[in-house]
Amino acid sequence: MQKFCLLFFVIALCHTLLFAKTDDYQLEGEQIKRVLTQSFESYQNGDAALAKKLAETAYFQHFENIEGTIARNIGAQAYLIEKKFNLLRNLYKNGADMERIEALIGGLIFELDLVLPLLDPSMKLVAEASDENYDKAAAEAASIAAEQQRAQEAEEMFARLLGETSDNDAETESTTITTMSATQGNSRDSKAMRQFETATRLNPKLYFLYEQINGKFDIVALRLQKNQPFEAANLLEKGVLFDDYRNTKLEIAINQHTAANEGQKWQAKIREIVRKLKDSAIDEKELRTELAALSDKLFELLLLVPSEAIEIVSVEGFVQEVASTDYTNVANEIHLALDAILDKYQQIPMQSSIEVLQSVYLDLFEASQMENKIGAIDSNLKLSIESHFTQGVALMKANAPKDELRNHFDALYTLIASSVEKIQDLSPTALWIAALVIILREGLEAMLIVLAITAYLVQSGNAKQTGIVYSALGVGIFLSFVTAFAVYYLFASFAGQFRELLEGITMIIALFLLLYVGFWLLSKSYKWTSYIQSQAQEAINKGSARVLWWTVFLAVYREGAETVLFYQSLFFSANDSTGFWAVIGGLCMGCAILLVLYFVLKAGAVRFPVRLFFSLTSYLIFVLCFIFAGKAVAELIEGKLILPTFVPFSFEPITWLGIYPYYETLIPQIAVLCVIVVGLLLTHRLISRQRRQHA
């Protein structure tokens, strides 16, 4: 009896494990449909903000739980459903008409009802044979073989999606995780993987038209649901067949570059459905099924249209700038890549997992320009995301528990997902504000250093030598543009790593120069006061001039290239001439403010007590040295040159001070702090001795 109970328990447990996920798929689907319905009801009641929030809840809290499985089994479908969620959010935000939104939600629900049963491993498709004398055994064998092939292709696709090797390759290759952009893997691409990859590369103009046709398909189905078959038929015939397919010249592009009669067959199917609608010979389920097949076929045809033929297609309402990066997709790729790291965490060498996370940062977050866009809009958010990536590396190096790493990745993805809406569609006002803030934020630090050196030259009677400052300023700005160009165009394959290393090395050099200049200003302050009081002038020797030139140059160049890349991201975000000129306006306004501020502070500095001014300037420079010591190492960590190690006590990074919870950043900062303290003691002793000598 005990053996029987044990056997029953094992069978029940296995059944639960096997089919729990299936129940989850259906549950998530029902939750999505429920929340989508609530969102439309909120929109009907005039609360567009709540409707949009509910649509986001349906996507982020429910659809994402099944999106990876859909991609694994049905290729491009996950991507296309995701695009519909994003479209729904935009329709809510832009105040679209009720019919369009209701139709889109109806289409989403229908697609989910089609997709979810295919995710159920307990489902078996039963074909009805047209020939009653068919070979049943052969048919079953063929069906089993087809199902096994589909499952194998799905596994191969998901393996490639996550950068893993297949079971067949496991004996000959060491398993290595790569990012979503991985191109190595199995020698034979699966159909699902090809669909997924090509879906993300569909030409923006054609996708715009494809989305427009699908929107009308949804409305056609909605009108039939509301017992309006003639209105549905008219929209399908006039709105889709004539306006979207023929009048846009899409018909010509497809007929000239696809297999014979494929375009005609697609049109014939449209006309057949129109006749069925007018004759009331089709129900909603059959209509949606046939429209879904038409949509899939159109998608396949659009992929075959070459780029030179796309130019003849004319789509009203489409502008080329719509072709900007979809950062929702980038965020999802990062999410999948993080999940892939977790799946293989502690199963492969630690160094391999670390390299993958660093590649996710450099090849997805940076290479997609997502980092630059976030930095242009919200500098603190950018620093926080960077810090989370670095902490992830440190956690893996410390062999942290998998649950702790998962929680950290969840927090990282939450930050990235929260940034998508901020950077995806920027209004001209937002672009103007961002352009203004960037130049003020990035330029103020350099301006203070330039101001200190200029004031020194004037105060010490070397006003004619201010050309040193302006020469270094001009060269720094020019080389910033050159470097930005090189990073973006010449070193595109490793642009992110190149930039991080360049920033880190530049900061280290600037750190030593600023330490020298800070103590120099402080030690000479009493001497300069005496000279000025006696109207004496101190000549600048070649060595001093060279140090001052390099100090100004590095102050400008250190942030210059990154600032240029920030503005490049803003220009790419401008969807029209209004947005473009908004960026120009914000930049010009910021430059004007900095210029006015510079001359006002310069005039004040000249009239300020010399000793106090240069003492305060020296202390400001020492603070910058402390910050640079931490941030320089952080940049080298992000550039894959150094691996971080957590200190034994935990604290949140203070990014604006360059303080991070790693030995590699804290030790240099402590060393710099010790140098500053010892240097200050020695300098004040020297100044006290000078005072006694002049007393």
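Among GLY392, ASN380, ILE439, whose Cα sits farthest toward the positive end of the charge dipole of the stretch 341-491 (+1 at Cβ of Lys/Arg, -1 at Cβ of Asp/Glu, about the Cα centre)?
It is ILE439.
Please state the charge dipole magnitude for the stretch 601-687, taken about the Cα centre, from unit charges on C-beta atoms (+1 on K and R, -1 on D and E), reported in debye and rounded to the nearest 20.
Dipole magnitude for the stretch 601-687 comes out near 540 debye.
Got a sec to turn the phi values of the stretch 305-313 into Karplus ³J(HN,Hα) couplings, 6.51 cos²θ - 1.76 cosθ + 1.60 with θ = phi - 60°, whole Hz, x for Gly and Pro?
7, x, 4, 5, 7, 5, 4, 6, 6
Which whole number in µm²/s is D for the stretch 200-319 by Stokes-Einstein, with the Kirkwood Rh taken over Cα pairs at 4 °C and 1.567 mPa s?
The diffusion coefficient I find is 89 µm²/s.
Going by average Cβ density within 10 Å per residue, which order do the peptides 333-345, 637-649 take, highest to lowest?
Ranking the peptides 333-345, 637-649 by packing returns 333-345, 637-649.
Take the alpha carbon atoms of the stretch 336-391, find their radius of gyration, then divide it by 2.2 N^0.38 Å using N residues; give the quotient.
1.23
Extending each Cα 7 Å along its Cβ direction at HIS257 and GLN44, get the distance between those two points in nm, one decimal.
In this crude spin-label approximation the distance works out to 4.3 nm.
Taking amide hydrogens as modeled 1.01 Å from N in the peptide plane, which residues meet the under 5 Å criterion relative to TYR662, leaving out close sequence neighbours?
Sorted by chain and number, the residues that satisfy this are VAL647.
Using 0.36 nm times the number of residues separating GLN264 and LEU415, minus their current alpha carbon distance, what extension gain do you get?
49.5 nm is the gain from fully extending GLN264 to LEU415.
Treating the Cα atoms of the stretch 609-665 as identical point scatterers in vacuum, please give the log10 of the normalised Debye intensity I(q)/I(0) at q = 0.13, 0.26, 0.27 Å⁻¹, two decimals.
Rounded to two decimals, the profile gives -0.43, -1.00, -1.05.
Using the alpha carbon gyration tensor of the stretch 249-316, what are the three equivalent-ellipsoid semi-axes (square root of 5 times each eigenvalue), largest first, in whole Å?
27, 11, 11
What order, most packed first, do the peptides 677-686, 410-419 have when packing is the mean number of other Cβ atoms within 10 Å of each residue?
So the peptides 677-686, 410-419, ranked by packing, come out 410-419, 677-686.
In the structure displayed, which of LYS83/LYS397; LYS249/LYS276; LYS84/LYS402; LYS205/LYS278; LYS53/LYS226 lie more than 30 Å apart, Cα to Cα?
Violating the 30 Å limit, Cα to Cα: LYS83/LYS397; LYS84/LYS402; LYS205/LYS278.
Kindly write out, for the stretch 631-637 in residue order, the coupling ³J(HN,Hα) from the Karplus curve 6.51 cos²θ - 1.76 cosθ + 1.60 (θ = phi - 60°), rounded to whole Hz, with x marking Gly and Pro.
Per residue, the Karplus-derived 3J(HN,Hα) values read 5, 4, 5, 4, 5, 5, 5 Hz.
Return the sequence-ordered ³J(HN,Hα) values of the stretch 577-587 in whole Hz as given by the Karplus equation 6.51 cos²θ - 1.76 cosθ + 1.60 applied to θ = phi - 60°, using x for Gly and Pro.
5, 4, x, 4, 6, 5, 5, 4, x, x, 4
Every number in this text was worked out from the coordinates using simple rules, so none of it is lab data. Quantities reported herein were computed from a predicted structural model and do not represent experimental measurements. Don't worry about glycine lacking a Cβ; one is built from the backbone with ideal geometry, like all the others, and counts go over all protein chains shown.
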